Structures are given as structure tokens and as C-alpha cells.
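Let me begin by presenting the structure, written as C-alpha cells, before commenting on it.
The values are calculated or read from the model by the stated rules, or taken from the named source; none is laboratory data. Treat the numbers as computed from the prediction; the structure is a model and nothing was measured. Note: ideal-geometry Cβ built from the backbone for every residue, glycine included; neighbour counts use all protein chains shown. Heavy atoms of the whole protein, side chains included, go into the accessibility calculation; ligands, DNA and RNA do not. Shrake-Rupley method; radii C 1.70, N 1.55, O 1.52, S 1.80 Å.
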Number of protein chains: 2
Amino acid sequence: MAEAVRHDKTARQLRLLSDALDTGRLGPVRRLVNTLSPAEIGNLLESLPAAKRGIVWGLVDPEDDGEVLVHVGDDVREFLLAEMDPDEIVAAVEDLDIDDLAELAEDLPDTVIDEVLKSMDRENRERLEQVLSYGEDTAGRLMNPDVITVRTDVTVDVVLRYLRLRGEIPEHTDHLFVVSRRHQYLGRVAISSLLIHGAATPINELIDDEQPAIPVDTPSHDVASQFSDHDWISAPVVDENNILLGRITIDDVVDIIREHAAHQALGAAGLDEDEDLFSPVPRAARRRAIWLGINLATAFLASWVIGRFADTLEQLVALAVLMPIVASMGGVAGTQTLTLMVRGMALGQVGSGNLRALFSKEVMVGFLNGLAWALVVGSVSALWFSDAMLGVVIAAAMMINLVTAALAGVGVPLLLRRVNIDPALAGGVVLTTVTDVMGFFSFLGLATLVLLG
Amino acid sequence: MAEAVRHDKTARQLRLLSDALDTGRLGPVRRLVNTLSPAEIGNLLESLPAAKRGIVWGLVDPEDDGEVLVHVGDDVREFLLAEMDPDEIVAAVEDLDIDDLAELAEDLPDTVIDEVLKSMDRENRERLEQVLSYGEDTAGRLMNPDVITVRTDVTVDVVLRYLRLRGEIPEHTDHLFVVSRRHQYLGRVAISSLLIHGAATPINELIDDEQPAIPVDTPSHDVASQFSDHDWISAPVVDENNILLGRITIDDVVDIIREHAAHQALGAAGLDEDEDLFSPVPRAARRRAIWLGINLATAFLASWVIGRFADTLEQLVALAVLMPIVASMGGVAGTQTLTLMVRGMALGQVGSGNLRALFSKEVMVGFLNGLAWALVVGSVSALWFSDAMLGVVIAAAMMINLVTAALAGVGVPLLLRRVNIDPALAGGVVLTTVTDVMGFFSFLGLATLVLLG
């Protein structure tokens, strides 16, 4: 996957589009944009600075407006909605699927939502209200209530006649769901099995009743792992009485997986997963300032520790020169352990069953690398400053800090989770605070004892 | 997604399993393991230390062995294969789908591959050899040659009779592919459309010929973005003459997306994406040592810069106390820009069309945050050491370093990509080297000029 950082197709579209925009002739831009799928248009809009983004958005076929809004991040969506009249918004979103509409709903002005609800028939209005009544990031919010259900007591022929009458099958339908008279979920029938079995085959011979349905309050990350554990294309969603409420399809699950990856990648740098590449400067500066402020507090803590050893530093300036090395190596080693832990925790692979084994493995790794690099750093430092004891001191401090880093790499994410803070977000800051403070303290402390003692 | 770090189901299975293992009675462990899907078993095996992993692997139903091997990372796969006889391996893998077998092939001993090839019929042997002839991380390696094709000149009825005769439809088949007499790809027919159209309908009325097929040499990350841009479940793969070779299904694409996320998350800490949570200590230590060594070289570079100012530090120890703050804030601010850039580049959202706009936005953000935090750091430092000029110097150094950080955050990933190094892997190290060196240099340099000048 070393080359996975490039995505030549979008980059090429972006260049073509920018060139076309620069000529000022909008006809070709419009034609170019409207050859793309809504997801591709969304991706392009996300890569344009505000002025060009506004122009291109005006050129998108109004038919596609709704789907494009679904496919962009929160910040960009807000920008695009601000460019539209309430009437345009209503027209854009009223034909969306219920699950897509539910996803947009929180970003829409109340007047628009009222308008959209009014334009819907009663059944769809109730469905939308039902979906919106479930918590964010649960199965209930992801599901689409538009499902095809059949009863057990019919034959393949009856089902086929029903489907022909219906005339349309929702996208990503790989199974029909079998329900009881009271609409309780009983099992599923693969639509491919309808093709290969004779017309007289009773449906109850084709039912797969092994796959459990998804309870409506299941967190969305659990939904995603069930989909990938079982290679599902779609899955039924039920309430606490096993009444079938709707179904979730793989395309929404792919979005969850992507969002989760963005959350992990951007969150670790204190960025929002919906951060707009071209968010307005004051807004971007304000958001990032918080993270810088937290970091500043921890940096002052480390400085305060150094300040305790001002006398020592005054007598031996080599300590000031070398001290960042001890802190930095601890930070890198600790981050390696932390990264492995955060990933293991996200996959559910870390728990009381294997914690002790994990702790001792990481401490051993830290010890071995501490030993190896302590020798190198100690030798180089002793030669550089012609001071053998200085080499011994920095080597010992390195050992201490790399073992501390391993302990903190395992311990910090566990503690954070205990207090309900996401380790993917805060883990790095807390960890490097520990390794900085321990790095400076062990090195300057040992130096005070040994070199000036 | 704040709670996405938990994955309670697997963690619960892990605990149950560990408890059962601790009792020493293997009957309950076996029963527990064999209620799980192969992907879940793989996940559990990945979370177990070596000794327990070996025991549990021995209890897995041999029927599932092959699928489990497909679902674990490279390192764990190597461990599991080492526990098996060649005969067991052959039995485990010979019934896998061609695409899964191709994925395992590079990890299998040559004797096993020969054995497996011998056990296959000629058609499957040729298919496997063909798939293996394509480059890693291309569409050719992801595809399964087992596809259902139909011709244009038939009716729905003929297709249905053919399917009934065939008796089985490969998993995740949402479309049949229409080919010419020479097996050239012409379009696709949704299997749901076979259900809702009359038996006499000619297939050529149901063809969707708008969706392009995927060329066999398309990089896998491009395959993944095409799937998510178009919400595909499956897509045809063709050679340069438009001959249909096979199809790619969404489950493999989900794996690519997950692997890419792992690559980004683990790679930034110098870890392999297939890193085993319980890899043997010497091996884990050796792998991580390389990253620590690279970091050590950059840390010595920063120390060398500090060493140039030894005289200044000797005269004013407050500089040693404060200097890590300037370096650290630059590192954090630069990492924020870098993270946004790496993600934008992975999505194809950064290119010549918007680079100038991106540069100026990031520099403005760096300037604003530099200004704000320079005021804070300057004031605190001036008060702490009762030295107004010291406050001015550190404030100026902060400004310089935060603007440098913004420039480096945009520039470093672009430069790395130019020289074909993945910015997701190396970006962080290079960036913090720049901000450390510039942080120490600007602060100590200004102090030398202003305070001792």
C-alpha cells in the first residue's frame, strides 16, 4: 500500500477543473462537473478554495444537489447550504432516501425541515420522524425503513409475482426479509435463491434464520464490525420486540469505516474529522488554538521540571545540549506502543484477558531498545564532551525513559478509557508529557546526583 | 464517533475465552470458538499471546482453517502456518476461492503451493496462475475469476433456466455480466431486474452499459475509491482488449480500506500495518529499533544546533529551561498542517490546482496562532524570569517557528511525494526535525543577538 497516498483520478479532475475555471468560461466547467458521480463532485468541491467552490456548486445539476450534500463533510456542507435558498434546499433534499435525509437533517434550518416534512406523504414523514428519534451513531440512524418483506406461508412464485407488481427493488437488496403476521423478523431469503429454485418452492424452505438481526440501539462501530466479520451486503434492524424496522446497507457501513479512520488520523492531531481543507482562516486558527493551548500547558510543565535543575545546568551546559535527546527518544518509543494499543483497543483485541502479557511484552521491548540505544547515545555523548560519566548518566536516563515509555504506552490509553476520554484523541499528548517530564527529570536528576554529587 | 474505540463484543469474547483457557478444560473453549465466524476467530487469535494462540488454533474446526488464515495479518498468519503440517495446510486452503488463495499464496511454502496446484482441476489451476501473474495491490490480484456471464441475444427466461441449471450463484453477485462471443465486456444486468421483468424480455433491454469496467492493472486504492464513489457491490475486471477476466466484490474493498487506514495509523509511528500485537520480543524490538535510530539521528542534529549556542546557554540558563517550549509548539502546529495535507493527498484533494491557496491559508493560520500564543508564552516567560526582553525574544521565536511549521507542514509532504517517499510514513519525522531545529535556532540565535549582543 506504499503508493496508496495518490489518487490520480481525482487529482486529474481537480487540475482539469481548475484550468477550466481559470479560463473564465463556465460552459466547459459545467459539462465536466456533470459527468461525475455525486460522490466525485463532493470530493472535488471539498478540494476547492471558497470562491471557486461557490462557482462550481452553482453549476452542479440541481438533480444531484441532494446526493452531493450527503457526500461532503459537515463543514463543507454548511458552506454549500449557506449558498442556497430555502426553496432550493427543499427541492434538493426532498427526494433523498430516508437514511440520507436523516443524516442531513441536523444541518438543515428548521424551516427547511418543516417544509420537507410537509412535502412528504404521511408514511414517509412517520418513517423519517422515527429514524430521527434514535440516537446519533446507532443502527437506528443508519437504517432505511424501505424494505421488502415476505411471509413464510407463500411460494417462490407468489413472491416473484409480488416483486413484478412492485416493479422496483431498492438498491443493494441482496435479501428479502421474512416476517410474521405481527411484523416480527423471522429470517432472510437471498434473492439469488429465488432465481435458482422452482416456482412452487415454499419460501420457508429457503429461509436463512441463522443470521441475527441488529438491535436498533447498536452503536454504529459495532454495526460496522459485524458487517465486516460476516461479509454482509445488507442486514435487518429490529426493535426490542424483534419487530423489523428497516435495513442497513454496506454503502453506509463503508462511510462509517472511512469516518472512523478519519477520526483516528485527524483526531490525534487535535483536528475535527470533518475539518474542511479550506475552512476560513479565523475558524481554522481558533479550532487549532485549543490543541496548541493544551500542548503549551504540558510544555510549561516540562520547563518547570527543567527549571528545578537550573543550578545543575549552569554548571554543566552539556546537559542542556543533550537533554532533548532523552525526551525525544522516550516520546517516539512510547508513541509506538501507544499506537499499537489504540489500534488493538479499537479492534477489541485488548482486554483483561491479555493485559498482563501485553504489559510484559512491551516492557521487554522497551528494555531491549533502551539497552541498545543507551549504548549508542552514551558512547557518542561521552566522546563528544570527553566525559565518560556524562555518557553513563545519559545511558541510564535513556534506559529509564524507554521503560517508562513502554509502561505509559500501555497504561495511558487504559486510564483514559477508564475516565471515558478517547485515547485516539488525547493519548499522544498525555504520553509525550509523561516521557518529556521523565526524560528531563531522570537525566538532570541523575546528573545532579552523579556528576555534581 | 467518540466511542468508536470500544468494540465490546470482541472484548467480551476474549474475556470468556481467556477464562475458559485458564480453567484448562478445552471442551468449552472449542465450543466457544466454533460458534464464531472465521473473521471473528481471526480477530480473537490476533489478541492472544503465543502460547494461548497455539492452543486455540488447534481447537478451530479444520473446515474454517483456510478462511481464518485469510482474515489475519501477515505476522499472525506466519505464526499459524508454522503450527501446521504441510498436509493440514493443503487441506485448509485447497477449497478457498481463487482470490483468497492468491492472497495467501505468497505466505505459503513452495511445496504446499505445488501440492495445492496439483489438487486443483485444470481450469482453476490456470485461473490461480493468472491471478498470481498480476502485480500486488492491483485489480488483477483482487479479482475472482468465477463470474456468471450471459449473452445479449437471449431472453430473461433463458438466463433463468441457465441459472437454475447452474444451481449456485457466487456470493455477492448483484449483477450478471454481459459479454460478446469473444468474451468482451458489454455491460451488466442487475439480478433484481431478472426478478421484476417478464420471461420474454430480451436481455439487451436490461443491460446497463454505462458503468465502465475496471482495467486489470488499476491500483487497488483506485479500485477502492471507485467502489465508494459509485456505491458498487461488485465490478467487472477487464484486460487491455476489454476481455472480461473476473470481478471484484465489496468485501475485498472493505479490507483494502481497513488496511489503508491501518497503514496510515501504524505507519506514522514506524510500525508495520501487519504488526502482531504479540510478536516475539526480539523481533518487535528489532523492527522498532530502526525507527528509533532514525529519530536519534534527527535528535542529535537538534542537539548539535543547541551546542552551537553553548556560550549563550552558559550565560543565561533560563534559555535552557524555555527552549523546549518553542520546539514543541512548532511540532504540534506543524503536525496539524501535515495531517490535513496527508489526508488531502490520500483523497486526491491536493494538487497544482489548489496548492497556492492552501499554502497561503495555512501560513495565515500559523501566523494567527503564532501571534496569539507568542503573547501568552512571552508574558509568562517575562514574568517567570522577571526579564521583559526574554519575553520578547521567546515571543518572536514562537512566531518564526509557527510560520515555519505551516510552511513545512505543506511543503514536506509535497517534497517527499516528489522523491517517492510515502508522506504518511516519513512526514512526521522530517517535519519535527525542521521545527525542532528551527525552534532551537531561532530562540537561541535571537537570544544571542538581543540579550547578549
Checklist outcome for this item: If you go through A:M341, A:M364, the only one that is at the interface with chain B (Cβ under 10 Å from one of its Cβ atoms), open to solvent by less than 10 Å² (accessible area, probe 1.4 Å) and either assigned to a loop (DSSP other than H, G, I, E, B) or under 28 Å from B:V76 (Cα atoms) (or both) is A:M341
Checklist entry - Which ones in region B:17-44 are part of a helix (DSSP H, G or I), modelled with pLDDT under 85 and loosely packed, with under 15 Cβ neighbours inside 10 Å? => result B:D19, B:D22, B:T23
Checklist entry - Of A:A408, A:A357, A:A374, A:A382, which residue is modelled with pLDDT of 95 or more, among the small types (G, A, S) and within 34 Å of the chain's Cα centre (by Cα)? => result A:A408
Checklist entry - Going through region A:265-289 one residue at a time, which ones are crowded, with 21+ Cβ neighbours inside 10 Å, of a type in the set (K, R) and more than 7 Å from chain B (Cβ to nearest Cβ)? => result none
Checklist entry - Counting only residues that are closer than 26 Å to A:G366 by Cβ and at the interface with another protein chain (Cβ under 7 Å from one of its Cβ atoms), which one in region A:299-319 is surrounded by the most Cβ atoms within 10 Å (Cβ to Cβ)? => result A:I306
Item to check | Members of region B:224-264 that are within 10 Å of chain A (Cβ to nearest Cβ), under 19 Å from A:D231 (Cα atoms) and among the charged types (D, E, K, R) | outcome: B:D231, B:D251, B:D252, B:D255, B:R258, B:E259
Checklist entry - How about region A:165-216: which of its residues are at pLDDT below 90 and charged (D, E, K, R)? => result A:R166, A:E168, A:E171, A:D209, A:E210
Item to check | Every residue from region B:437-453 that is touching a Leu at 6+ places or on another chain (Cβ under 8 Å), in a helix (DSSP H, G or I) and open to solvent by 20 Å² or more (accessible area, probe 1.4 Å) | outcome: B:V437
Next on the checklist: Being assigned by TED's automatic domain parsing to the domain that holds A:I207 and either touching a strand residue (DSSP E or B) at 6+ places or on another chain (Cβ under 8 Å) or farther than 18 Å from A:R188 by Cα (or both) is true for just one of A:L165, A:L160. Which residue is that?
Outcome noted: A:L165
Checklist entry - Here are some residues: B:E171, B:E136. Which one is in a loop (DSSP other than H, G, I, E, B) and at the interface with chain A (Cβ under 9 Å from one of its Cβ atoms)? => result B:E171
Checklist entry - Which of the residues that make up region B:415-436 are over 18 Å from the mean Cα position of the chain (by Cα) and not in a helix (DSSP H, G or I)? => result B:V419
Next on the checklist: among the β-branched types (V, I, T) and within 7 Å of another protein chain (Cβ to nearest Cβ): is that true of B:I325 in this structure?
Outcome noted: yes
Checklist entry - Looking at A:A82, is it without any contact (Cβ under 8 Å) to a residue 12 or more places away in the chain, farther than 27 Å from A:L245 by Cα and not assigned by TED's automatic domain parsing to the domain that holds A:I248? => result yes
Item to check | Options B:V419, B:V376: the member that is among the β-branched types (V, I, T) and under 20 Å from B:M323 (Cα atoms) | outcome: B:V376
Item to check | Wholly enclosed helices (runs of 4 or more DSSP H) of region A:48-129 bearing at least 1 residues aromatic (F, W, Y) and touching a Ser or Thr at 6+ places or on another chain (Cβ under 8 Å) | outcome: none
Next on the checklist: Considering only region A:201-212, I want to know if a residue exists there that is of a type outside the set (S, T, Y), over 29 Å from B:L176 (Cβ atoms) and under 31 Å from the mean Cα position of the chain (by Cα).
Outcome noted: yes
Next on the checklist: Restricting to region A:128-157, count the residues that are open to solvent by 40 Å² or more (accessible area, probe 1.4 Å) and without any contact (Cβ under 8 Å) to a residue 40 or more places away in the chain.
Outcome noted: 4
Item to check | Flag for B:G353 being facing chain A (nearest Cβ under 7 Å) and closer than 30 Å to A:S18 by Cβ | outcome: yes
Item to check | Selection status of A:L407, closer than 21 Å to B:L292 by Cα, buried (at least 24 other Cβ atoms within 10 Å of the Cβ) and touching a residue at least 24 places away in the same chain (Cβ under 8 Å) | outcome: no
Checklist entry - Of everything in region B:388-404 that's within 18 Å of B:E362 (Cα to Cα) and touching a residue at least 40 places away in the same chain (Cβ under 8 Å), which residue is surrounded by the most Cβ atoms within 10 Å (Cβ to Cβ)? => result B:N401
Checklist entry - Of (1) open to solvent by 50 Å² or more (accessible area, probe 1.4 Å); (2) touching a residue at least 24 places away in the same chain (Cβ under 8 Å), B:V380 satisfies all except one. Which? => result (2)
Next on the checklist: I'm trying to understand the selection: among the residues of region B:158-174, which are within 24 Å of B:I98 (Cα to Cα), open to solvent by 30 Å² or more (accessible area, probe 1.4 Å) and not aromatic (F, W, Y)?
Outcome noted: B:R164, B:L165, B:R166, B:G167, B:E168, B:E171, B:D174
Checklist entry - Take the residues of region A:213-267 that are among the acidic types (D, E) and farther than 27 Å from B:V72 by Cβ: which is nearest to the chain's Cα centre (by Cα)? => result A:D217
Item to check | Enumerated strands (runs of 3 or more DSSP E) restricted to region B:177-264, each holding at least 3 residues that are touching a Lys or Arg at 6+ places or on another chain (Cβ under 8 Å) and open to solvent by less than 10 Å² (accessible area, probe 1.4 Å) | outcome: B:234-238
